[in-house]
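Take a look at the structure below.
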Amino acid sequence: MSRTFNLADLFEVIADAVPDRTAVVAGGQRRTYQELDDRATRLANHLHANGVNKGDHVAIHAMNCAEWVEAFFACFKLSAVPINVNYRYVEAELRYLYDNADSIAVIVEPQFRERLDAVLADLPGVRHVLEIGPDYEAALAAASPERPNLGRSNDDLYMLYTGGTTGMPKGVMWRHEDTFFATMNSARYGKELEQPEDLAAEVTASPTSMTMMAIGPMMHGGAQWMLGNTIFIGGTIVLYTERGFDADAVLRIIEREHVNSVNTIGDAMARPLAEAIAGAPAGTYELSSLFAFGNGGAPLSAAVREQLTAALPTAVIMDSFGASETGATGSKVDAGEGFGAPRFAMGPHTTVLSDTGEQCEPGVTGKLARTGYIPLGYYKDPEKTAATFPTFAGKRWVVPGDFARIEDDGTISLLGRGSVSINSGGEKIYPEEVEAVLKKHPAVFDAVVVGTPNERWGEQVTAIVHVRPGHELSEADVKTHCRTELADYKAPRTVLFLGEIQRTPVGKADYTWAKKTALELIG
């Protein structure tokens, strides 16, 4: 059978080439490639027998587990579309997501079943619910082990719902072929692939394989892309399955599974790991297998980079930048430069454009843009699709809204999302830049920056700061510290101190919460 650049075809090529290798580790669950393929096949056939066909949408409503991965590939085997559900959503958010995504089936973890049942009456399109546990296992046992194929193609749909940090979540639609080359080909160093079958030769050429750990939830695009990158080099993906982030638990998993590369999402995950290693007696953790520390999804501040380098002197720190709309866009190995803004080496299809579509000169601020392997657009939203995916001089681009500038060395500095930038007296201020400086202060554990009303300047910079336990910090201390590294207009005018800073489920700054909290505290 001729294979395509369909994610199911690519997965089956790997499964046939290295069936006995471990594909997935999730807590106490382990799956070889053969087991993962067989269980995904049976699940696909069960779904098909219950009305799921090519192009239909199937919601996966669960935390990290082996079944999440099985459901992901089962959908692709049917040319169906897996829908990532944020397990922290409350009923109103779930009702919106399930309806907007046109889900006809749901695979749900038992702990979320009550919340799902509460909204099902309002979702007549959902025709089948399969609960993980005994019902799920019985369904697989009764299903056919023959691989289904309803006419797979490069054009099958992969859809990723955004986190909705600046509005309701949106479904970003990708073709499978574009998905692979834009998001799941980084572990192959972005090499071209003439035919899917060539992956088999690559993975069997090496007797050893990479073990990579995804700390973030599979409902997040970054974790899904890490899964794909690991699978398509015949490696082992280790999922973090604890119910809350625990640095000691992460480090014990790295030790137990001999993890080679671990990916975090910004300081919220990286700083506790660095401090756990630094604060433990020598020999507490055996981390000699770990040679790469990756970060993406949220910036890694200079202060935390220094902590990581001290804690893991033999590991390379690799930053990556990507978004639901752009894929894995750029990367950079940290060399200790301590840039004020995240800076990346971008591929040939990425640049910075003006509002009229011309490439910006070095030093000029514009919008990050990518062409080549990019999404089709937003599901059921032609207006936002037209705004985010413009065509300039006959070439289609994705311009998601990140301000950026090209540096003299050809790298690109990311300045922040336009939707959260602060306009103070006509000056644009990017929260991420101020947050990075705040986190350099030894007494600051975490910080988030938002704009709040100012009678004279329109908006002012307001910082919410979480002080490290055992330290004291005043508003004057914070302002003085910031003015040593930032222009005066960027320094916080107001500093609010809280015992904890809320972040999104994937560790990103929750600017909606921060703005609401700042306004309430300021009064």
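Would it be correct to say that residue 496 is in a loop (DSSP other than H, G, I, E, B) and among the aliphatic types (A, V, I, L, M)? Step through it out loud before you land on a result.
Values: in a loop (DSSP other than H, G, I, E, B): no; among the aliphatic types (A, V, I, L, M): yes.
Answer is no for this residue.
Can you tell me which residue in the range 243-267 is surrounded by the fewest Cβ atoms within 10 Å (Cβ to Cβ), limited to those that are assigned to a loop (DSSP other than H, G, I, E, B) and without any contact (Cβ under 8 Å) to a residue 24 or more places away in the chain?
Here is the first cut: in the range 243-267, the residues assigned to a loop (DSSP other than H, G, I, E, B) are 243-246, 258-260, 265-266.
After this cut, where a residue has to be without any contact (Cβ under 8 Å) to a residue 24 or more places away in the chain as well, the list is 244, 246.
On the way: 244: 5, 246: 14.
Applying the filter and picking the extreme gives 244.
A quick yes/no check of all residues on (1) touching a residue at least 40 places away in the same chain (Cβ under 8 Å); (2) surrounded by 14 or more Cβ atoms within 10 Å (Cβ to Cβ); (3) part of a loop (DSSP other than H, G, I, E, B):
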| position | (1), (2), (3) |
| --- | --- |
| 445 | yes, yes, no |
| 470 | no, no, yes |
| 473 | no, yes, yes |
| 492 | yes, yes, yes |
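From the list 49, 40, 26, which one is without any contact (Cβ under 8 Å) to a residue 60 or more places away in the chain and either in the same structural domain as residue 87 (by TED's automatic domain parsing) or hydrophobic (A, V, I, L, M, F, W, C) (or both)? Let's see the steps before the verdict.
Details: 49 fails: without any contact (Cβ under 8 Å) to a residue 60 or more places away in the chain; 26 fails: without any contact (Cβ under 8 Å) to a residue 60 or more places away in the chain.
So the residue among 49, 40, 26 that is without any contact (Cβ under 8 Å) to a residue 60 or more places away in the chain and either in the same structural domain as residue 87 (by TED's automatic domain parsing) or hydrophobic (A, V, I, L, M, F, W, C) (or both) is 40.
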Failed condition for residue 449, given (1) out of contact with any Lys or Arg (no Cβ under 8 Å at 6 or more places or on another chain); (2) among the β-branched types (Val, Ile, Thr); (3) assigned to a strand (DSSP E or B); (4) not assigned by TED's automatic domain parsing to the domain that holds residue 478: (4)
Candidates 51, 27, 55, filtered to the one that is on the phi > 0 side of the Ramachandran plot, touching a helix residue (DSSP H, G or I) at 6+ places or on another chain (Cβ under 9 Å) and among the small types (Gly, Ala, Ser): 27
Filtered residue count, the range 422-435, keeping only those that are on the phi < 0 side of the Ramachandran plot and surrounded by fewer than 20 Cβ atoms within 10 Å (Cβ to Cβ): 4
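Tell me whether the range 43-52 contains one or more residues that are of a type in the set (Val, Ile, Thr), part of a helix (DSSP H, G or I) and within 17 Å of residue 143 (Cβ to Cβ).
No, that holds for no residue.
Quick grid of which residues meet (1) touching a strand residue (DSSP E or B) at 6+ places or on another chain (Cβ under 7 Å); (2) at pLDDT 95 or above:
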site: 180; (1), (2): no, yes
site: 186; (1), (2): yes, no
site: 227; (1), (2): yes, yes
site: 232; (1), (2): no, yes
site: 241; (1), (2): yes, yes
site: 249; (1), (2): no, yes
site: 255; (1), (2): no, yes
site: 264; (1), (2): yes, no
site: 271; (1), (2): no, no
Failed item in (1) under 27 Å from residue 172 (Cα atoms); (2) at pLDDT below 95; (3) not in a helix (DSSP H, G or I), with residue 237 passing the rest: (2)
Where residue 59 falls short, out of the listed (1) in contact (Cβ under 8 Å) with a residue 24 or more places away in the chain; (2) under 18 Å from residue 143 (Cβ atoms): (2)
Test: residue in the range 207-215 that is surrounded by fewer than 14 Cβ atoms within 10 Å (Cβ to Cβ), more than 26 Å from residue 170 (Cβ to Cβ) and outside the structural domain of residue 27 (by TED's automatic domain parsing): no
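So that you can scan it fast, the table gives a plain yes or no per residue for (1) touching a residue at least 60 places away in the same chain (Cβ under 8 Å); (2) in a helix (DSSP H, G or I); (3) crowded, with 18+ Cβ neighbours inside 10 Å:
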site: 105; (1), (2), (3): no, no, yes
site: 111; (1), (2), (3): no, yes, no
site: 122; (1), (2), (3): no, no, no
site: 135; (1), (2), (3): no, yes, no
site: 139; (1), (2), (3): yes, yes, yes
site: 158; (1), (2), (3): yes, no, yes
Filter result for residue 322 (within 25 Å of residue 434 (Cα to Cα) and either modelled with pLDDT under 80 or among the aromatic types (Phe, Trp, Tyr) (or both)): no
Tally of residues being in contact with a helix residue (DSSP H, G or I) (Cβ under 6 Å, 6 or more places away or on another chain) and more than 29 Å from residue 447 (Cβ to Cβ) across the range 252-306: 1
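The values are calculated or read from the model by the stated rules, or taken from the named source; none is laboratory data. In this text the structure is predicted, and so the values were computed from the model without any measurement. Every residue, glycine among them, receives a Cβ derived from its backbone with ideal geometry; neighbour counts consider all protein chains shown.
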